[in-house]
Amino acid sequence: MHDVTYLRPDTIQDAVQLYRTTPGCRPLAGGTDLMVMLHAGTLRPQPRAVLDLWSLPELKGVRRAGDALEIGAAEPYTGIIRSADASRYVPALVAAARTIGAAQIQNRGTLGGNLANASPAGDTLPVLLAYDATVVTDRRAIPIDKFFLGYRKTALQSDELITAVRFPLDREVVFRKVGTRAAQAISKIVMAVSREPARIAIGSVAEMPIRATNAEQALSRGDGAGAVAAVIDDTHPIDDVRSTADYRRAVTQNVLRELLDASARE
Amino acid sequence: MLSRSPIGQSVPRREGVAKVTGAAKYTDDLVFVGAWYGKTVRSTIPAGRLRSISLDPAFDWSQVVVVTAADIPGENVVHLIRDDQPVLARVGGDIRHKEEPILLLAAPDRPTLEAAARHVRPEYEPSTPVYELDGALEVYSTIQITKGDVDAVQGEVIERTFKVGLQEQLYIEPQGAIAIPEPGGAIRIIGSLQCPYYVHRALKRALKLTDAQAIVVQAETGGGFGGKEEYPSMVAIHAALLARKAGRPVRLIYDRHEDLAATTKRHPGVITHRTTVGKDGTLRAQDIEIVLDGGGYCTLTPVVLSRAAIHAAGPYSCPNVRIRAKAVATNTPPNGAFRGFGAPQSLFAAELMVEHVAERLGISSVDLRSKWMLRLGDTTATGQVLTESVGSELVLDAALKAAATVQPSNRPTVRRGRGLSLVFHGSGFTGSGEKKLQGTIGFEALADGTFRILTASTEIGQGTKTIFCQLAADALGVSLDQVVLAPQDTSLVPDSGPTVASRTAMIVGRLVQEAAVEIKQRLGRGEKAPLAIQKSYIQPDSLSWDETNYRGDAYPIYAWACTIADVDVDLVTGEVRVTDLVTAVDCGKALHPVMAEGQIEGGTLQAVGWATIEEIKMKDGGYQNDRLATYLIPTALDAPRIRTILVENPYSRGPFGAKGIGELPMDGPAPAIIAAIHDATGVWLDEIPATPEKVLAACALR
Amino acid sequence: MRFTLNGSPVSLDVLGSRRLLDVLREELGLTGTKEGCGEGECGACSVLINGEVVDSCLVAVGQVEDCDVLTVEGLADGKQLTALQQAFINHGAAQCGICTPGMLLAAHVLLQRTNRPSADDVRVGLAGNLCRCTGYTKIIEAVLSCTT
């Protein structure tokens, strides 16, 4: 930490260039993950520089972009929560943002950071899956269902920067997170569901956020009970410091049942 | 002259302005030019032998200071009770727990310190660790309390076993001390601590210092709850060894991870009750077994066991009681003091036992408590006759009256329930503890017309400084701002005893009061300031305690509490939310009502956390929950609405009738919450924390 | 680098990747902001950056270039405490005091942003500030007493 260079590009082009040409360079947005690991010395490999993207105007904002809602990769969750457009078009994302940490974390946490970390427990990631969001980078657009490749492993190239996330305007998604306490909690399971098209996305039940494809098949046939039964086969939860595999399986089914009941009532 | 006494007034906290402006200086806020940073290197195995420690020559060791057991000038012991815990494991010696300190480092800056630590190469010979509670390693202490003859009693027998878990004190300011070498071979310790004289005694033994050479000063301390009762001695000795070798001040401040991984926790344990009752619900016999896990070294375990045993029968009158308690060693980090100190553990079991008996007999548990509770003139399990200030009925009535009607849940998957508990907690040290301690304060009338209290009792948030000034100002008939306190510095103040055991207001506050009265009398007789006196605790003749047979007056007095907890249980996830909690507390007299409520509210939430979300999972003898992201305490959003009712039922020897209540709030909520979960769902849990995993599994079995 | 700290301009030559928390406490000698965990969990290190409450252990100091930073030391006007600080004293909302600076800043911003917050609003607003002493009861009382 004490010899880590601080780089602050003024434009996204400069950022991309610096990222490409600086050895051991880590992008930094709100710092809610990176700064903890930097201080604890747990990053591997040890970074030589941080690339501060936080203030780049191109990475901020919540705006309509054609037939999509576009959220800047470095827009803090508070900005998403306060955005009228976000509440209108992606209320499940707003709901998820409200469950992240508390005020301090919401003021700094970002979708770009969540995506780049690709934690299996990331609270917004199942929501992105359920919306069929698109990850926009400095060079291409990656559909979210192609983004997560494994445990903390993404499709991003080694010098690729996330610039925005795009959402469709017409998708209805419901969301629930189960954590150990009401605020400031890493999820035990986190789920986002869309009925039409059938999307059941779950975090903390595998090495990455997943789409429960067996359950989705049942759901697309209109078979909610079948979806609840099948979802077990889509998940591979583990026992860890937070919870147990048995609990995660049981709660996955219970929460799916609850979300399907709730969305049926609407 | 003061027209109105500050007693019973919620006057502003003495150090309040400093705390709200950020001016209050805690240990890590203090600046010492040229100070180095210290670090403790710790065992990575839970059991075995430390074969060697080598220092990798790839690192330039001339930049740092290294301290091993060989550098300890005095005894390699963190002095407490049994003196079994080394300051540093010695090469060739035993390792008894993961995170056991093996070596100390100091460096001019943190990067060098961290680099040095990475180049320390210990070698171990691991042995098979013991985690079972069967006493295979060592039994630290056994206690038996006998009243009447449980084996001779007939009736219906109900048996149940309960388990209670580890808990971290989680003071928001981590452990830390700064050691400064001073002339004449002296060492000054400035630290985050509750008991300056505990540290003083330990420092003298390890560093071979005289009374005057060991100087211990308490800095503003960000929470203690018992976690800074005995552990700071270890930190202080470590810092002192480094400072002495470095010839300069050394800052040894733990980060949260180290604090969670290595410092003492509440003793977990298993408690079994066999209760014999008559058909009409008469309590005929209580046969209780307690096993507490002390961890790798003894620390305060015998005293924790003592309090657990004495409170184990609950606040009930029973003619035949047998309590067999033992505390054992395991290869886990040593457990230590935490608010309640054994009583929350044993009262958890005692209170749930009432619920189970009530259920078996088909009687309401409130009625059963009314039938069984200790009242004035009754005799406790140790044979103590309660001769005054028995608040059992008062608090039960007050809590029941205050509790709002339960509103049914309006969500089909959320069940609502209510539970109640009745507890008592001995104020002050057990038995002859206060007599042996002979806590002493100093009191001065200064030439400028102010008065100064000299006490080693520490302010750790509970209001010591404010309350002592209230007591003195009242006795002297002066305004509050005419009373000051000397710093909690062992070179300046006598030993009034540790800031523990719910004794500070009641025992030491009484000394402050008596001293102030005496000073006032002497001034009244024409003596002129400056005047200085000392006052020491004198045990009343009416109290008698048999330490060998554990019989007699265990405590000078008891405080009482009744807690009613309301919970929502989510059947989808098993989550338990404590929504409301009412607690009525017989505190004798509320010297400062807001502070008394503050103690109750804070202790209550700690107990709520212990009962619900504060879980520690072990792995290979170490805690898996070793970061604040994984050891979870309640946030403002988790906390229930807590309503406190102060019941004033004076104790003749407390200042204005006040009884100590610092720990009592820890005793009631956990069993009340378990009873509430049962009320909501029909399931009985026998273990805390009542995690959603356990609740969901139990509900599924129904 | 330059920023505004408690209303006054500050100019520092410091490694941009250092934690804002450390720079405040060490280079700038403002020890009111506390380290409780270093992980962004406890909120004891809370400061305001451009009027938003954040954990300063998660902010690289380079990131506050040209920003407005407010710490607990910047709340009172000399000896004149804010109504909120006075309420904390009056209601017994500070016991050991270690969480108090962060708690005050989070509450300060909550009161600025929310008209007549309810007790639940206050709980949400303070959910990122852990307190172990008070059970939060008197903190919530103190904050509610300041709503107009």
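The values are calculated or read from the model by the stated rules, or taken from the named source; none is laboratory data. The shown structure was predicted, so the numbers you read here are calculated from the model rather than taken from an experiment. In this analysis, Cβ positions are derived from the backbone assuming ideal geometry, glycine residues included, and neighbour counts consider all displayed protein chains.
The figures follow:
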read-out	value
Breaking point among (1) assigned to a helix (DSSP H, G or I); (2) surrounded by fewer than 24 Cβ atoms within 10 Å (Cβ to Cβ); (3) away from chain A (no Cβ under 14 Å); (4) not basic (Lys, Arg), for B:ALA675	(2)
Residue check, B:VAL41 under 30 Å from C:THR31 (Cα atoms), away from chain C (no Cβ under 14 Å) and not small (Gly, Ala, Ser)	yes
Total residues in segment C:64-95, condition modelled with pLDDT of 95 or more and in a loop (DSSP other than H, G, I, E, B)	12
Single residue of segment C:9-49 satisfying the filter (of a type in the set (S, T, N, Q) and in contact with a helix residue (DSSP H, G or I) (Cβ under 9 Å, 6 or more places away or on another chain)) that is surrounded by the fewest Cβ atoms within 10 Å (Cβ to Cβ)	C:THR31
Exclusive hit being surrounded by fewer than 23 Cβ atoms within 10 Å (Cβ to Cβ), facing another protein chain (nearest Cβ under 10 Å) and under 28 Å from C:LEU126 (Cβ atoms), set B:PRO640, B:PRO665, B:PRO593	B:PRO593
Selection count, segment C:1-30, where residues are under 19 Å from B:LYS25 (Cβ atoms) and within 8 Å of another protein chain (Cβ to nearest Cβ)	3
Filtered residue count, segment B:596-648, keeping only those that are farther than 29 Å from B:VAL406 by Cα and without any contact (Cβ under 8 Å) to a residue 24 or more places away in the chain	5
Search result, residues across segment B:1-38 that are in a loop (DSSP other than H, G, I, E, B), more than 30 Å from B:GLY598 (Cβ to Cβ) and within 14 Å of chain C (Cβ to nearest Cβ)	B:VAL31, B:PHE32, B:VAL33, B:ALA35
Given (1) more than 22 Å from the chain's Cα centre (by Cα); (2) more than 26 Å from B:GLY377 (Cβ to Cβ); (3) not hydrophobic (A, V, I, L, M, F, W, C), number of the condition B:GLN606 does not satisfy	(1)
Residues satisfying the stated conditions in segment B:302-317, i.e. in contact (Cβ under 8 Å) with a residue 60 or more places away in the chain and either over 25 Å from B:LEU396 (Cα atoms) or assigned to a helix (DSSP H, G or I) (or both)	B:PRO302, B:VAL303, B:LEU305, B:SER306, B:ARG307, B:ALA309, B:ILE310, B:HIS311
Where a residue in segment C:131-148 is more than 10 Å from chain B (Cβ to nearest Cβ) and its partner, wherever it lies, is assigned to a loop (DSSP other than H, G, I, E, B) and among the charged types (D, E, K, R), with Cβ under 8 Å and at least six apart	C:THR147/C:ARG116; C:THR148/C:ARG116
A:LEU18 among the hydrophobic types (A, V, I, L, M, F, W, C), within 13 Å of chain C (Cβ to nearest Cβ) and touching a residue at least 12 places away in the same chain (Cβ under 8 Å)	no
Filter result for the condition that a residue is over 25 Å from C:ALA94 (Cα atoms), surrounded by 18 or more Cβ atoms within 10 Å (Cβ to Cβ) and either at pLDDT 95 or above or under 24 Å from the mean Cα position of the chain (by Cα) (or both), over B:GLY442, B:GLY461	B:GLY442
Residue satisfying condition, being in contact with a strand residue (DSSP E or B) (Cβ under 7 Å, 6 or more places away or on another chain) and either within 14 Å of chain C (Cβ to nearest Cβ) or modelled with pLDDT under 95 (or both), within set B:ILE172, B:ILE189, B:ILE178	B:ILE178
Within segment A:158-190, considering residues that are more than 30 Å from B:ILE633 (Cα to Cα) and free of Cβ contacts under 8 Å to residues at least 12 places away in the same chain, the one surrounded by the most Cβ atoms within 10 Å (Cβ to Cβ)	A:ASP170
Residue identified as farther than 24 Å from A:LEU128 by Cα, small (Gly, Ala, Ser) and buried (at least 21 other Cβ atoms within 10 Å of the Cβ) among A:ALA29, A:ALA40, A:ALA15, A:ALA73	A:ALA15
Residue identified as part of a loop (DSSP other than H, G, I, E, B), farther than 20 Å from B:ALA607 by Cβ and either under 15 Å from the mean Cα position of the chain (by Cα) or modelled with pLDDT under 95 (or both) among B:THR299, B:THR332	B:THR299
Residue selected from segment B:503-534 under the condition out of contact with any strand residue (DSSP E or B) (no Cβ under 9 Å at 6 or more places or on another chain) and assigned to a loop (DSSP other than H, G, I, E, B), by the criterion nearest to B:ALA475 (Cα to Cα)	B:ARG525
Out of C:THR33, C:THR82, sole residue that is more than 8 Å from every other protein chain (Cβ to nearest Cβ), touching a residue at least 12 places away in the same chain (Cβ under 8 Å) and either more than 27 Å from B:GLN175 (Cβ to Cβ) or not aliphatic (A, V, I, L, M) (or both)	C:THR82
Selection within segment A:46-83 - part of a strand (DSSP E or B), under 19 Å from the mean Cα position of the chain (by Cα) and of a type in the set (Gly, Ala, Ser)	A:ALA68, A:GLY72
Condition met for C:ASP55 (under 23 Å from A:ASP52 (Cα atoms), surrounded by fewer than 24 Cβ atoms within 10 Å (Cβ to Cβ) and at pLDDT 95 or above)	no
Failed item, numbered, when B:PHE225 is tested on (1) among the aromatic types (Phe, Trp, Tyr); (2) away from every other protein chain (no Cβ under 14 Å); (3) crowded, with 24+ Cβ neighbours inside 10 Å	(2)
Inter-residue pairs, beta-carbon under 9 Å, first surrounded by 24 or more Cβ atoms within 10 Å (Cβ to Cβ) and in segment A:124-136, second part of a helix (DSSP H, G or I) and aromatic (Phe, Trp, Tyr), 6+ apart	A:THR124/A:TYR77
Hits in segment B:73-114 - residues which are under 25 Å from B:CYS195 (Cα atoms), surrounded by fewer than 20 Cβ atoms within 10 Å (Cβ to Cβ) and either in contact with a strand residue (DSSP E or B) (Cβ under 6 Å, 6 or more places away or on another chain) or β-branched (Val, Ile, Thr) (or both)	B:VAL77, B:ILE81
Filter result (within 14 Å of chain C (Cβ to nearest Cβ), of a type in the set (Gly, Ala, Ser), in contact with a Phe, Trp or Tyr (Cβ under 8 Å, 6 or more places away or on another chain) and not in a helix (DSSP H, G or I)) within segment A:87-143	A:GLY109
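A quick yes/no check of all residues on (1) within 24 Å of B:ALA246 (Cα to Cα); (2) at pLDDT 95 or above; (3) more than 34 Å from the chain's Cα centre (by Cα):
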site	(1), (2), (3)
B:VAL91	yes, yes, no
B:LYS98	no, yes, no
B:PRO101	yes, yes, no
B:ASP109	yes, yes, yes
B:GLU114	yes, yes, no
B:ALA117	yes, yes, no
